[in-house]
Amino acid sequence: MECVTSANVACGAHAGNPELTRLTVRQAFVRGVVIGAHPGYPDPTNFGRLALTMPIADLEKSIEDQVLLVIRLAKEAGTEVRYVKPHGALYNQAALEPGLARAIGRAVSRVNSSLAIVGLAGSPALALWRAAGVQAVPEAFADRRYEPDGSLRPRRFADAML
């Protein structure tokens, strides 16, 4: 935490648990680090790195519950969550699949429409979130290889990381 200005805090679905999330939020707050909720597919076995097929309503509810957990723990610590950054496969799929990006936007809007959503620079998800009235923050990865379509090279390839 001493080396960062913001922290994507796991929400317990792909990694962590409520107590670890509570500790992480408190450590971020004490150090003046901005807190972001980092929801992922509910798949701790694969660390949220595999795309799951699940009903969109169930996915939206899962995202809502995950973000609400971090918001509640941030309030307990005397701070707030400022953004949401989907994790792993959820993040990568949202960059390519408009329906999934819209679902993330709906879930975040229902929780708190003032939260920004972080997404892959150049992806259609950013425009969809903005059109839904959500602040969209583009990001790029200096340590990752990109595909010709602008998506991140999947980690299953040995050269995905630079």
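Using heavy atoms of the protein chains and a probe of 1.4 Å, the accessible area assigned to residue 145 is about 90 Å². In this simple spin-label approximation, residue 130 and residue 75 carry label points 7 Å from Cα along the Cα→Cβ vector, and these lie 3.2 nm apart. Within the full protein context, the accessible area of residue 5 is estimated at about 110 Å² for a probe radius of 1.4 Å. Volume per residue of the convex hull around the Cα atoms, evaluated for the stretch 66-146, comes out as 95 Å³. In this calculation the C-beta distance from residue 137 to residue 96 is compared with R0 = 22 Å, giving a FRET efficiency of 0.75.
For residue 122, neighbours were defined as the other residues whose beta-carbon sits under 14 Å from its Cβ, and their charges (Lys and Arg +1, Asp and Glu -1) total -1.
Given H placed on each backbone N at 1.01 Å, which residues far from residue 40 in sequence or on other chains put an amide H within less than 5 Å of it? When sequence neighbours closer than 5 places are left aside, the close amide H contacts are 11, 13, 14, 87.
Considering only beta bridges that DSSP places wholly inside the chain, some 10 percent are antiparallel. The residues of the chain expose on average 51 square angstrom of accessible surface per residue, using a 1.4 Å probe on protein heavy atoms. Among the protein heavy atoms of the chain, carbon and sulfur supply 55% of the accessible surface, probe 1.4 Å, non-protein parts ignored. Principal semi-axes of the equivalent ellipsoid, √(5λ) from the alpha carbon gyration tensor of the chain, are 23, 18, 16 Å from largest down.
What FRET efficiency comes out for the pair residue 113/residue 58, r = Cβ-Cβ distance, R0 = 22 Å, nearest 0.05? Don't skip to the answer; put the middle values down first.
On the way: r = 22 Å, r/R0 = 0.99.
Using R0 = 22 Å, I get an efficiency of 0.50.
Amide hydrogen proximity for residue 6: with H placed 1.01 Å from N in the peptide plane, the residues at 5 or more positions away or on another chain lying under 5 Å are 34. So what's the gap between the Cα centers of the stretch 59-88 and the stretch 124-140, to the nearest angstrom? Between the Cα centres of the stretch 59-88 and the stretch 124-140 lies a distance of 18 Å. Normalised radius of gyration (Cα atoms, divided by 2.2 N^0.38 Å) for the stretch 1-86: 1.07. Near residue 112: Cβ cut-off under 14 Å, other residues only, Lys/Arg at +1 and Asp/Glu at -1. The net charge is +2.
Under the criterion of Cα pairs below 8 Å and six or more residues apart, the relative contact order for the stretch 1-73 equals 38 percent.
Take every Cα pair under 8 Å whose residues are at least 6 apart in sequence, average their separation, divide by the length of the chain, and the relative contact order is 18 percent.
Can you give the FRET efficiency to the nearest 0.05 for residue 158 and residue 121, using r as the Cβ-Cβ distance and R₀ = 22 Å?
On the way: r = 24 Å, r/R0 = 1.10.
Calculated value: 0.35.
The charge dipole of the stretch 1-144, taken about the Cα centre with unit charges on the Cβ atoms of Lys, Arg (+1) and Asp, Glu (-1), comes to about 240 debye, rounded to the nearest 20.
If you take all other residues with their beta carbon under 14 Å from the beta carbon of residue 154, and give Lys and Arg +1 and Asp and Glu -1, the sum is +3.
The values are calculated or read from the model by the stated rules, or taken from the named source; none is laboratory data. All of these numbers come straight from a predicted model, not from anything done at the bench. As a convention, Cβ positions derive from the backbone with ideal geometry for all residues, glycine included, and neighbour counts pool all protein chains shown. We work out accessible area using only protein heavy atoms, side chains counted, and drop any ligands, DNA or RNA first. Shrake-Rupley method; radii C 1.70, N 1.55, O 1.52, S 1.80 Å.
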